[in-house]
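Note sheet for the following structure.
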Amino acid sequence: MSAANYKKATKTADSMVTNTGAQMVCHECDLLLGMPALEFGQKAFCPRCNFLLAANRPHALSLMFAFAVAGLGFLLLATAFPFLGFSASGQERTVTLLQSIAILATEDLPSLAAIIFTSIVAIPAALLAGIIYVTGALNNNRLLPGTVVTLRWVIMLVPWSMAEIFLIGILVSFVKIVTIADVSFGMSFWSYVLFTVCLTIVVLYLDKRELWSRVKMLSND
Amino acid sequence: MTEHTPSSALAQGLQGCEICTSVGPVGEDHCECCGATLHSGWDVSIQHTWAWLATSAMLYLPANFLPITYSRFLGKETESTILGGVVTLWEHGSEPIAVIILIASVLVPLGKMTVLAWLCLSVQQGSNFAVAQKTKLYRVTEYVGRWSMIDVYVVGILVALIQLGNIMTIRPGVAAVAFAAMVVTTMFAAHAFDPRLLWAEVGKDSGK
């Protein structure tokens, strides 16, 4: 059904375009542009404000797929082992990622636990799963049911995924605690770091223009 | 500024979708291509931004003046606010971290609200001044907002980790939730603002 919507949309777009190049509006300064098709490795910048409009990075689809799979794997590992350890006055304590969220939920403020869980686990996981679904299909030159909706959600979720901010938060907490107690980093912590690296690479390679033009191309076939 | 007029999408009655970058006529509610919600009504965008801004401004007060953590150390309980935490960090010699927290938790939210309020006002007054720079400022504001979440995570980690009964225990304060809600509402405010409104006066003659 979404593919049908798509065809209709492209037709109206075509009727508006007088020259051959597809149109685009600069996100930054609202300049109306004719966009050339980008070759591998090419980037397009807005002539007026120099904003990066689109980038056709070589092997972007395969890389996004690969790093999304790896990222989800690391996230899974990040929930399985001790995350952080803490020792003071002869007492020691280690917590896993999910345990620490459960502790927060029971400490009077379940809303805080919900916000943290959503922004550092649920949304990043959904984002990576969505990327796998979309790029997995596009890599094989086909569209799956719901590709359009999934891609839209993935792009909307990007600013709400806060894994890298969480890592900075851990760094700050470490500095705060280290004067009064010893902090140890568990296996899961390092998995979470690698997960964040994978996630960052995926987001770096995510180019709206290129992904959607691929989707459009396939839905017109 | 006038040389921009003919080339702006708005001046030609067109708009780009933020999600899929396709171009369609101004006035549509949803992108025909990907189905995403488009910024449609001019006034609605400003109203929504003001509403989210007012909400976040109200949350800013409890977030900063109520205790964000209660720490019990050898039976003695002390409460600390965001600014109190910054001062403590500074006194313990962690100046760089103190500065990070001060910027991320206090200055960024405040700056973000001020910038968005100023942008709303200048749109409502039909200002034509430094439109390109204002657009840039908006993008920066939109980008840095999420980094304010650092403090929410710090509270989360401290509370989860430091649970040694009477020896040393940290509990979250209500300011943590107010703070997180404030960050989220400022993100919504930034999202509700339509930067093309800044260009509305530039393309007035042919635009809607």
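Rule-based calculations on the coordinates, nothing more; no lab input. Treat the numbers as computed from the prediction; the structure is a model and nothing was measured. Here the Cβ is made from the backbone with ideal geometry for all residues, glycine too, and neighbour counts use every protein chain on show.
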Report summary line: For B:74-85, A:52-63, ranked highest to lowest by mean beta-carbon neighbours within 10 Å, the order is A:52-63, B:74-85
Report task. Per DSSP H run of n ≥ 4, the term is -39500 (n - 2.57); total these for chain A, divide by its residue number, and report the mean residue ellipticity at 222 nm rounded to 500 deg cm²/dmol. Result -> -18500 deg cm²/dmol
Query raised in the report: Using unit Cβ charges (K, R positive; D, E negative) and no other charged atoms, how large, in debye to the nearest 20, is the dipole of chain B about its Cα centre?
Result: 380 debye
Query - Computed E for B:A117/B:Y70 - FRET, C-beta separation, R0 30 angstrom, nearest 0.05 - result: 0.35
Requested in this report: With an 8 Å cut-off on Cα pairs and a minimum separation of 6 or more residues, tell me the relative contact order of segment B:42-199 in percent.
Outcome: 44 percent
**Report entry** Estimated FRET transfer efficiency (A:A105, B:V44; beta-carbon r; R0 35 Å; 0.05)
**Finding:** 0.45
Query - Dipole of chain B, positive direction: furthest Cα of B:A132, B:H92, B:L102, with charges on the beta-carbon - result: B:H92
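Within 10 Å of each candidate Cβ there may be at most 11 other Cβ atoms; applying that plus a DSSP loop requirement, which trypsin sites (Lys or Arg not before Pro) in segment B:103-168 survive?
On the way: sites: B:K112, B:K134, B:K136, B:R139, B:R146; in loops: none.
Filter output for segment B:103-168: empty list.
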Report task. Go through chain A and flag any cysteine with no other cysteine's C-beta closer than 4.7 Å, please. Result -> A:C198
**Report entry** Label zone at A:L98, where the point sits 7 Å out along the Cα-to-Cβ direction: segment A:119-135 residues whose backbone N lies under 17 Å
**Finding:** A:119-126
Query raised in the report: Roughly how many nanometres apart are two label points built 7 Å out from the Cα toward the Cβ at B:L110 and A:L76?
Result: 4.7 nm
Requested in this report: Give me the distance in nm between label points sitting 7 Å out from Cα along the Cα-to-Cβ direction at A:S62 and B:T78, one decimal.
Outcome: 5.8 nm
Requested in this report: Give the distance, in whole Å, between the Cα centre of segment A:172-187 and the Cα centre of segment B:79-113.
Outcome: 18 Å
**Report entry** Helix axis angle, B:82-91 relative to chain B longest principal axis, alpha carbon, degrees
**Finding:** 60 degrees
Report summary line: Computed, not fitted: 222 nm per-residue ellipticity of chain B from DSSP H runs ≥ 4 (each -39500 (n - 2.57)), nearest 500, equal to -16000 deg cm²/dmol
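At a Förster radius of 35 Å, what calculated FRET efficiency corresponds to the Cβ-Cβ distance of A:V149 and B:V174, to the nearest 0.05?
Numbers: r = 38 Å, r/R0 = 1.07.
For A:V149 and B:V174, the calculated efficiency is 0.40.
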Requested in this report: About the Cα centre of segment A:58-220, how large is the charge dipole given +1 on each Lys and Arg Cβ and -1 on each Asp and Glu Cβ? Please answer in debye to the nearest 20.
Outcome: 700 debye
Requested in this report: With label points built 7 Å along Cα→Cβ from the Cα atoms of B:A132 and B:V99, find their separation and express it in nm.
Outcome: 3.2 nm
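How many Cβ atoms of partner chains, on average, are near each residue of B:25-38 if near means within 10 Å of its Cβ?
Details: counts 2, 0, 0, 0, 0, 0, 2, 8, 13, 13, 7, 6, 2, 0.
Counting other chains' Cβ atoms within 10 Å and averaging over B:25-38 gives 4.
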Report task. Give me the angle, in degrees from 0 to 90, between the Cα long axis of helix A:123-139 and the longest principal axis of the Cα atoms of chain A, rounded to the nearest 10. Result -> 40 degrees
Report task. Can you tell me the 0 to 90 degree angle between the C-alpha axis of helix B:108-124 and the longest principal axis of chain B, rounded to 10? Result -> 20 degrees
Report summary line: Treating only Lys and Arg (+1) and Asp and Glu (-1) as charged, each at its beta carbon, one finds that the protein assembly as shown has a dipole about its Cα centre, in Debye to the nearest 20, of 580 debye
**Report entry** segment A:108-167: relative contact order in percent, alpha carbon pairs under 8 Å with at least 6 residues between
**Finding:** 48 percent
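Relative contact order for chain A using alpha-carbon pairs under 8 Å, separation at least 6, rounded to a whole percent?
Working: 271 pairs, mean separation 63.5, N = 221.
Worked out over chain A, it gives 29 percent.
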Requested in this report: Name the residue farthest towards the positive end of the dipole of chain A from the options A:A181, A:I123, A:G85, assuming +1 on Cβ of Lys and Arg, -1 on Cβ of Asp and Glu, about the Cα centre.
Outcome: A:I123
